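Encoded as structure tokens, the structure appears first; notes follow it.
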Amino acid sequence: MTGQANPFESLQSQIDEAAAYLDVDDDVLERLKHPERVLETNLTIERDDGSLERFKAFRSQFNGDRGPYKGGIRYHPEVNRDEVKALSGWMVYKCATVDIPYGGGKGGIVVNPSDYSEAELERLTRAFAKELRPLVGEDRDIPAPDVNTGQREMNWIKDTYETLENTTEPGVVTGKNLASGGSEGRVEATGRSTVIAAREAFDYLEKDLEDATVAVQGYGNAGWIAAKLIDEMGATVVAASDSSGGIYNADGFDPVAAKEHKNETGSIVGYEESEEELTNEDVLTLDVDLLIPAALENAIDADLAEDVSADVVSEAANGPLTPEADAILAEDDVFVIPDILANAGGVTVSYFEWVQNRQRFYWSEEKVNEELEDHIVDAFDALVETIEENDIQNPRTAAYVVAIERVAGAFEEAGSFP
Ligand code: NAD
């Protein structure tokens with residue numbers, strides 16, 4: 001991970017590239033490149049030893065032209081304002097790419113959660129939920145999990161909000177556990193859309209997924225599920241990494257057993273089916289048919305991009321390529337399924353969760369997966385149509401063309417107040 005590119009600038013350059021294919025007014029475009037508002041706040045909580053500690057936290061509400069702001073909350077020591085702004089913008093275009101009625105938002109706390117007890121994290125999460133209370137709500141802004149947050153944090157946020165508001169409103173956050181109003185299929189949704197999109201890309205490129213080898217960078221929620229599901233589709237997962245390093249087996253390994261090893265030891269490194277230990281960079285440049293980056297942004301910079309050997313990249317992570325790396329892969333004819341489509345399963349099933357919460361009527365996992373399949377396949381078809389109609393080389397640009405057209409259309413149709 002280089003961490004060199006400013007993710008907010010990356011987002012803006014992606015929008016500019018797509019705008020070249022669109023007839024959108026410059027002033028409207030300017031609006032689509034900046035968040036509507038960003039909350040920056042300081043949370044002070046009591047540590048278990050009685051001392052106090054302050055944490056910086058953010059919530060960016062980028063654009064609400066198509067519906068309530070929607071997006072995750074990340075706990076990480078490197079969370080910063082520009083990262084949160086960029087992530088919130090990507091949510092706008094992601095929701096538009098898969099055509100769900102949301103705008104985009106994102107939040108985060110500057111914290112390394114592994115340094116804190118569960119009770120401290122609960123106090124921190126509830127303190128953030130209290131700050132967010134006036135901003136969120138099922139028709140205003142709907143948080144969800146992101147890096148280092150999950151069902152537990154969402155349940156705490158929901159409970160804090162409902163207590164303060166004296167109501168029941170499970171749709172105020174998504175990614176909850178089932179008992180708290182979560183949806184079947186939500187945990188697997190991001191990995192699932194990553195591999196559905198990869199399957200569609202292989203089909204479009206007339207390549208056989210069953211002969212494909214796969215490398216997965218990052219073995220958290222998105223990465224390990226993608227590994228499991230692509231293995232079930234018949235591809236061979238030969239390499240994977242997490243923050244401790246990578247594993248490799250030329251004949252493939254069992255992704256579920258690798259995950260069990262990680263659960264037991266804290267890392268996939270040392271997993272018994274691994275023939276060789278790789279660095280994180282080795283995993284990204286391995287000669288495989290499909291690469292799934294599923295860690296953090298800017299994982300692949302221009303130098304690494306020169307060495308990427310995969311034919312298809314399906315971006316489970318948000319913003320894993322720097323803009324320079326993206327241009328290099330496009331020139332090299334690597335088919336990159338952009339994050340705003342590949343990992344949109346998470347927000348799509350969040351949308352289904354919100355629909356179920358509002359209806360107070362819950363779907364089977366089968367129905368959730370069928371609806372998800374339809375949304376991702378439709379989004380991929382729209383992408384391909386736009387690529388072919390405009391002769392666009394980079395699929396990411398085509399996805400932004402589709403998405404910007406939808407967001408700009410919503411703004412232009414509604415006009416502005418006052
Ligand atoms: P997670 O915390 O569950 O997993 C992250 C994984 O990345 C961990 O295994 C960690 O060890 C690994 N990692 C960190 N640095 C690494 C490095 N330098 N090299 C290799 N591995 C490294 O997070 P997640 O929920 O799986 O999210 C991963 C990415 O997917 C993020 O970019 C996130 O924004 C994106 N995403 C997640 C969801 C979701 O529903 N979980 C939805 C959309 C997008």
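Summed over segment 383-408, residues that are surrounded by 21 or more Cβ atoms within 10 Å (Cβ to Cβ) and either closer than 29 Å to Gly171 by Cβ or within 19 Å of the chain's Cα centre (by Cα) (or both) total 12. Counting only helices (runs of 4 or more DSSP H) wholly contained in segment 121-236, the ones carrying 2 or more residues that are among the hydrophobic types (A, V, I, L, M, F, W, C) and under 30 Å from Asp49 (Cα atoms) occupy 151-165.
For Glu272, the conditions (1) part of a strand (DSSP E or B); (2) more than 13 Å from the ligand (Cβ to nearest atom) are fulfilled apart from (1). Of the residues screened, Asn112 is not one that is open to solvent by 40 Å² or more (accessible area, probe 1.4 Å), modelled with pLDDT of 95 or more and more than 13 Å from the ligand (Cβ to nearest atom).
Gly137 passes every criterion in (1) under 23 Å from Tyr102 (Cβ atoms); (2) among the small types (Gly, Ala, Ser); (3) modelled with pLDDT of 95 or more; (4) within 13 Å of the ligand (Cβ to nearest atom) apart from (4). Looking at segment 216-231, can you tell me whether even one residue there is more than 22 Å from the chain's Cα centre (by Cα) and either modelled with pLDDT of 95 or more or more than 16 Å from the ligand (Cβ to nearest atom) (or both)? No, every residue in segment 216-231 fails to be more than 22 Å from the chain's Cα centre (by Cα) and either modelled with pLDDT of 95 or more or more than 16 Å from the ligand (Cβ to nearest atom) (or both).
When each of Pro293, Pro255, Pro323 is tested for being open to solvent by less than 10 Å² (accessible area, probe 1.4 Å), touching a residue at least 24 places away in the same chain (Cβ under 8 Å) and either under 30 Å from Val407 (Cα atoms) or more than 22 Å from the chain's Cα centre (by Cα) (or both), the lone residue that passes is Pro293.
Taking segment 232-259 as the range and being within 14 Å of the ligand (Cβ to nearest atom) and at negative phi as the test, the residues that pass are Ala239, Ala240, Ser241, Asp242, Ser243, Ser244, Gly246, Ile247, Tyr248, Pro255, Ala258, Lys259. Tell me, which residue of segment 23-54 that is modelled with pLDDT of 95 or more, farther than 26 Å from Ala299 by Cα and hydrophobic (A, V, I, L, M, F, W, C) is most open to solvent (accessible area, probe 1.4 Å)? Step by step, filter segment 23-54, then rank; the result is Leu52. Only a single item in (1) under 20 Å from Leu205 (Cα atoms); (2) within 16 Å of the ligand (Cβ to nearest atom) is not met by Thr348, and it is number (1). Within segment 141-153, one or more residues are more than 29 Å from Glu9 (Cα to Cα) and modelled with pLDDT of 95 or more. For beta carbons closer than 6 Å, sequence separation of 6+ or different chains, a first residue in segment 39-50 that is closer than 20 Å to Ala119 by Cβ and a second that is open to solvent by less than 80 Å² (accessible area, probe 1.4 Å) and among the hydrophobic types (A, V, I, L, M, F, W, C), the qualifying pairs are Leu43/Phe55; Leu43/Ala57; Leu43/Ala127; Leu43/Phe128; Ile45/Leu124; Ile45/Ala127. Checked against (1) under 29 Å from Thr194 (Cα atoms); (2) away from the ligand (no atom under 16 Å from the Cβ); (3) open to solvent by 50 Å² or more (accessible area, probe 1.4 Å), Asn80 meets all criteria but (2). Exactly one residue out of Leu329, Leu341 is within 16 Å of the ligand (Cβ to nearest atom), open to solvent by less than 10 Å² (accessible area, probe 1.4 Å), part of a helix (DSSP H, G or I) and at pLDDT 95 or above: that is Leu341.
Among the residues of segment 275-290, the ones that are more than 12 Å from the ligand (Cβ to nearest atom) and open to solvent by 10 Å² or more (accessible area, probe 1.4 Å) come to 7 in all.
The single condition among (1) at pLDDT 95 or above; (2) open to solvent by less than 30 Å² (accessible area, probe 1.4 Å) that Glu264 does not satisfy is (2).
Taking the criterion of being open to solvent by 20 Å² or more (accessible area, probe 1.4 Å), part of a loop (DSSP other than H, G, I, E, B), of a type in the set (Ser, Thr, Tyr) and not assigned by TED's automatic domain parsing to the domain that holds Gly89, would at least one residue in segment 300-309 satisfy it? The answer is yes, given that some residue of segment 300-309 is open to solvent by 20 Å² or more (accessible area, probe 1.4 Å), part of a loop (DSSP other than H, G, I, E, B), of a type in the set (Ser, Thr, Tyr) and not assigned by TED's automatic domain parsing to the domain that holds Gly89. Could you check, for segment 83-102, whether at least one of its residues is modelled with pLDDT under 95, closer than 21 Å to Phe8 by Cα and open to solvent by 10 Å² or more (accessible area, probe 1.4 Å)? Checked segment 83-102: at least one residue is modelled with pLDDT under 95, closer than 21 Å to Phe8 by Cα and open to solvent by 10 Å² or more (accessible area, probe 1.4 Å). For first residues located in segment 10-25 and at negative phi, partners that are hydroxyl-bearing (Ser, Thr, Tyr) and lie 6+ apart or on another chain with Cβ distances below 6 Å form the pairs Gln14/Tyr400; Glu17/Thr397; Ala18/Thr397; Ala18/Tyr400.
The values are calculated or read from the model by the stated rules, or taken from the named source; none is laboratory data. The structure presented is a predicted model; accordingly, all values stated were derived computationally and were not measured. Because the Cβ atoms are built from the backbone with ideal geometry, glycine has one as well, and the counts that use them run over all protein chains shown. To get the accessible areas, we keep the full protein, side chains included, count just its heavy atoms, and leave off ligands, DNA and RNA. Shrake-Rupley method; radii C 1.70, N 1.55, O 1.52, S 1.80 Å.
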